[in-house]
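A.B. asks: Below is a structure I'd like to ask you about.
We did not get these values from a lab; they are worked out from the coordinates using the rules stated. As the structure is a computational prediction, the values presented were derived from the model and not from experiment. So basically every Cβ, Gly included, is an ideal-geometry build from the backbone, and we count neighbours across all protein chains shown.
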Amino acid sequence: MDIRVTHPQEIETWLERNLMRVQKPGRYVGGELNQVVKDWSSIPIKVALVFPDIYEIGVPNLALTILYEAINQRPDALAERAYLPWTDMEDLMRAAGIPIYGLETKHPLGQFDIIGITLPYETLYTNVLNLLDLAGIPLLSAERRADHPLIIAGGHATFNPEPMAPFIDAFVIGEGEEVIHELLDTYKAWKFRSGNREDLLLSLLGIPGVYIPRFYVPHYHADGTLQSIQPTTETAPAIVHKRIVGRLPAPPTRPIVPAIDVVHNRIAIEIMRGCTRGCRFCHAGMVTRPVRERSVEEILNSIRQALQNTGYEEVALLSLSSSDYSQITHLVERVSQEATQQHLVVSLPSLRIETVSVELMDRLKGKRQSRSFTLAPEAATDRMRAVINKPIETHQLLETARAIYQHGWTKIKLYFMIGHPTETLDDVRAIAEVSRQVLAEGRRMVGHRASLHLGVSTFVPKPHTPFQWLPCDTPELIQIKQRALLEALRGSGIKINWTDPQETLLEAWLSRGDRRMAEVIYYAWKLGAKFDAWHDYFDYEKWMIAFQMANLDPAFYTHRQRDLEEIFPWDHINPGVRKAYLKQEYLNSLQGILRPDCRQQCYACGILPTYKELRRRYPGQHWKCPEVTVHART
């Protein structure tokens, strides 16, 4: 993009003249409650925190909220925010040569020292390229000079960094609360000594959990599978270990109160990190181990402070499995007291399918509480539940549904997944049968006020999970299963929505790709691909053409069974869970062997040896086992 306007005052003037020409001008002006504005000229390190989608989705992102507060607490650094403009605003910006800018002071992104991008999911990748182009920054890391910002990415999608490797200078693998300060300190020292860009990247190699793609080269077999990823310098570690925060720091209590309505307009408090359930399809459950909890008092104090700082009337208590929080009953009792006194709405997502969950939610239910209750059985037959390691019996689901309707909820949302390993059409039709039974329980309890909505996604075998060796269903097979389910639900009065098979393929290509996928991403963006996570903007044909231009077969990444000994593009990234453990869990799935919660028994997944190794290798770091661990019995 041809950047013609670079001074903040000029950008301000342009905004005043053009904001009324776009939808939702509040996306682009800043000035919200709790934003932090520092003196640009007096702060040595300037960081732009970017969510590569629109304002409404980016503002509630908890990772950026945490980093924004942490960086701005430092006297030597400032953090500003940026989000991707919607298409109407982008057209105007490109026509006028206006770059993407930080909302706080309107400085162009190209004038920041560091740009930190969060990548919670893979369908943001073309947006990242669009963001860099709108900022006037070279797309390729190799083409950036010392005066260009350092481009850093983190988030769950970066546990396989290879598809975005040519575009990103440094990836942060794992949790960012501690490593962000090490990055800033390293950058500040480099800036003080006026080194070149190569020197900066080499110095970042000394930070545990930071992956610098420039210093790694992939090698391939003749059949296209990966042979190895080799470091090109002695200081680059062969394996990059994820960062783990031993004790969770206090949650942020001064979140941005947005200028317009956003997807989650509420206070978000993370009560627990990690999960011990061991669902074999779940990427988050594998890469966020081990479990760490915040105390009830810390959670309550954070809620009180955040309420005072924001004026919000809704609080979400977040975790991957809230029912597994060891003091959940006590927490709910205390929070419900606070909610009653202050007329709050409190949500507790990610509850297990059990009547205790209903009782917990009933204690939190207020006048404005949603009348819907969400459950995620994922599969509808005992055999499939054994395959995916989600031991829920149908009678337990029906008992929970009955309790939900009895306690006053009139709508249940059920989330299932099709495309599981070894799945048959009978397994798919069982989703309809179980759903009919759930709705029947509701009709018995509350009559025709009872309703049921189904969300049916399609399984993608994600990196660092026991199913990473498996292929995806073909689009034809996905459509057959969707038609079978629709036919089985005909006349039931149950609403259903599902994922487009082509969108599933995109997620699979990007999550399972190697470094060669970067060329596909680039060509797709050049062809106009962006906002791929938005159904109305996703263009499958652009991606098909991009694969042709890159001379790659998309089926190689999606429909190919992997050999048990195959090297994956993400094998040099250690999430704390051993590949041997994942392999054993994969073999267990083929035999339908269930593994109970690992709080009951340790299965040697690898997270405890990872702690010990990190403490040995990096004695100066804050590596320590948390107070709440995986409860190993070995």
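A.B. asks: Taking the highest mean first, how do the peptides 527-536, 385-394 order by number of other beta carbon atoms within 10 angstrom per residue?
C.D. replies: 385-394, 527-536
A.B. asks: Let me ask something else. Would you mind working out the magnitude of the charge dipole of the stretch 102-240 relative to its Cα centre, with +1 at each Lys and Arg C-beta and -1 at each Asp and Glu C-beta, to the nearest 20 Debye?
C.D. replies: 380
A.B. asks: Turning to a different aspect of this structure: Counting other beta carbons within 10 Å of each residue's own, what order do 404, 66, 71 fall into, fewest first?
C.D. replies: Exposure proxy ranking, most exposed first: 66, 71, 404.
A.B. asks: So between residue 579 and residue 88, what do we pick up on full extension, going 0.36 nm a residue minus the alpha carbon distance?
C.D. replies: Length difference between fully extended and current span is 172.2 nm.
A.B. asks: Shifting gears a bit: Provide the percentage of antiparallel DSSP beta bridges, counting only those with both residues in the stretch 8-241; round to the nearest 5.
C.D. replies: Counting only bridges with both partners in the stretch 8-241, antiparallel ones make up about 30 percent.
A.B. asks: Determine the relative contact order of the stretch 503-591: mean sequence separation of Cα pairs under 8 Å and six or more apart, normalised by residue count, in whole percent.
C.D. replies: 29
A.B. asks: Any idea which of 138, 13, 75 is furthest toward the positive side of the dipole for the stretch 8-241, if Lys and Arg beta-carbons carry +1 and Asp and Glu beta-carbons -1?
C.D. replies: The residue sitting most towards the positive pole is 13.
A.B. asks: Hey, another quick one. Please give me the summed charge of the neighbours of residue 150: other residues whose Cβ is under 13 Å from its Cβ, Lys and Arg +1, Asp and Glu -1.
C.D. replies: +2
A.B. asks: How high is the relative contact order of the chain, given as a whole-number percent (alpha carbon pairs under 8 Å, six or more residues apart)?
C.D. replies: 14
A.B. asks: Let me ask something else. Residue 597 versus residue 446, label points 7 Å from Cα toward the beta carbon: distance in nm?
C.D. replies: Spacing of the two 7 Å Cα→Cβ label points: 2.8 nm.
A.B. asks: Suppose only helical runs count, i.e. DSSP H with n ≥ 4. What mean residue ellipticity at 222 nm does that imply for the chain under -39500 (n - 2.57) per run, divided by all residues and rounded to the nearest 500 deg cm²/dmol?
C.D. replies: -11000 deg cm²/dmol, from helical runs alone.
A.B. asks: Same structure again: Determine the sum of side-chain charges near residue 563: Lys and Arg each +1, Asp and Glu each -1, restricted to other residues whose C-beta is under 14 angstrom from that of residue 563.
C.D. replies: Charge balance near residue 563 sits at 0.
A.B. asks: For the chain, what is the percent of antiparallel DSSP beta bridges, rounded to the nearest 5?
C.D. replies: 20
A.B. asks: Can I ask one more? According to the square roots a ≥ b ≥ c of the eigenvalues of the Cα gyration tensor, what is the shape class of the chain, taking rounded for a/c under 1.5, prolate for a/b larger than b/c otherwise, and oblate for the remainder?
C.D. replies: Judged from the Cα gyration tensor, the chain comes out rounded (a/c under 1.5).
A.B. asks: Let's see if you can work this out: charge +1 on each Lys and Arg Cβ, -1 on each Asp and Glu Cβ, no other charges. What is the dipole magnitude of the stretch 8-241 about its Cα centre, in debye to the nearest 20?
C.D. replies: In total the dipole reaches around 420 debye.
A.B. asks: If you fit an axis through the alpha-carbon atoms of helix 355-364 and take the longest principal axis of the Cα set of the chain, what angle between them do you get, 0 to 90°, nearest 10?
C.D. replies: The two axes meet at around 60 degrees.
A.B. asks: May I ask which of 413/462; 411/495; 462/583; 413/495; 106/526; 106/188 have a Cα-Cα span longer than 18 Å here?
C.D. replies: From the list (413/462; 411/495; 462/583; 413/495; 106/526; 106/188), the Cα-Cα distance tops 18 Å for 413/462; 106/526; 106/188.
A.B. asks: Would you mind putting 571-581, 110-120, 327-337 in packing order, based on average other-beta-carbon counts within 10 Å, highest first?
C.D. replies: So the order, starting with the most tightly packed, is 110-120, 571-581, 327-337.
A.B. asks: Could you give the angle, 0 to 90 degrees to the nearest 10, between helix 125-134's Cα long axis and the longest principal axis of the Cα atoms of the chain?
C.D. replies: 30
A.B. asks: A further question on this structure: Starting at the first residue of the stretch 345-351, write each ³J(HN,Hα) from the Karplus equation 6.51 cos²θ - 1.76 cosθ + 1.60 with θ = phi - 60°, in whole Hz, x for Gly and Pro.
C.D. replies: Along the stretch 345-351, the couplings run 9, 10, 10, 10, x, 6, 8 Hz.
A.B. asks: With only Lys, Arg, Asp and Glu charged, each at its Cβ (+1 for the first two, -1 for the last two), find how big the charge dipole of the stretch 254-321 is about the Cα centre; round to the nearest 20 debye.
C.D. replies: About 400 debye.
A.B. asks: Could you work out how much longer the chain between residue 424 and residue 24 gets when fully extended? Use 0.36 nm per residue separation minus the Cα distance between them, nm to one decimal.
C.D. replies: Taking 0.36 nm per residue and subtracting the Cα distance, the gain is 139.4 nm.
A.B. asks: Okay, moving on. Treating the angle as unsigned and between 0 and 90°, give the value, to the nearest 10°, between the Cα long axis of helix 579-590 and the longest Cα principal axis of the chain.
C.D. replies: Taking Cα atoms only, the helix is inclined about 30 degrees.
A.B. asks: Using each residue's phi in the stretch 472-488, evaluate 6.51 cos²θ - 1.76 cosθ + 1.60 at θ = phi - 60° and report the 3J(HN,Hα) Karplus result to the nearest Hz, with x for Gly and Pro.
C.D. replies: 8, 4, 6, x, 5, 5, 4, 5, 4, 5, 5, 5, 5, 5, 4, 5, 5
A.B. asks: Sum up the charges of everything whose Cβ sits under 14 Å from the Cβ of residue 586, counting Lys and Arg as +1 and Asp and Glu as -1, but leave residue 586 out.
C.D. replies: For residues surrounding residue 586, the net value is +3.
A.B. asks: Ok, one more. Any idea which of 491, 533, 513 is furthest toward the positive side of the dipole for the stretch 480-549, if Lys and Arg beta-carbons carry +1 and Asp and Glu beta-carbons -1?
C.D. replies: The residue sitting farthest along the positive end of the dipole is 491.
A.B. asks: Along the positive direction of the dipole of the stretch 8-241 (beta-carbon charges: Lys, Arg +1; Asp, Glu -1; about the Cα centre), which of 196, 115, 174 reaches farthest?
C.D. replies: Positive-end residue among those listed: 196.
A.B. asks: If packing is taken as the average count of other Cβ atoms within 10 Å, what order do 302-308, 358-364, 46-52, 222-228 fall into, highest mean first?
C.D. replies: 46-52, 358-364, 302-308, 222-228
A.B. asks: Another question, if that's okay. Label the stretch 568-607 by shape, choosing from rounded, prolate and oblate, from the square roots a ≥ b ≥ c of the eigenvalues of the Cα gyration tensor; if a/c is under 1.5 it is rounded, and otherwise prolate applies when a/b is larger than b/c, oblate when it is not.
C.D. replies: oblate
A.B. asks: Something else about it: Given axes a ≥ b ≥ c from the Cα gyration tensor, I'd like to know whether the stretch 160-252 is rounded (a/c under 1.5), prolate (a/b larger than b/c) or oblate.
C.D. replies: In terms of gyration-tensor shape, oblate.
A.B. asks: Oh, and also: For a footprinting-style exposure proxy, rank 517, 20 by other Cβ within 10 Å, fewest first.
C.D. replies: Starting with the residue having the fewest Cβ neighbours, the order is 20, 517.
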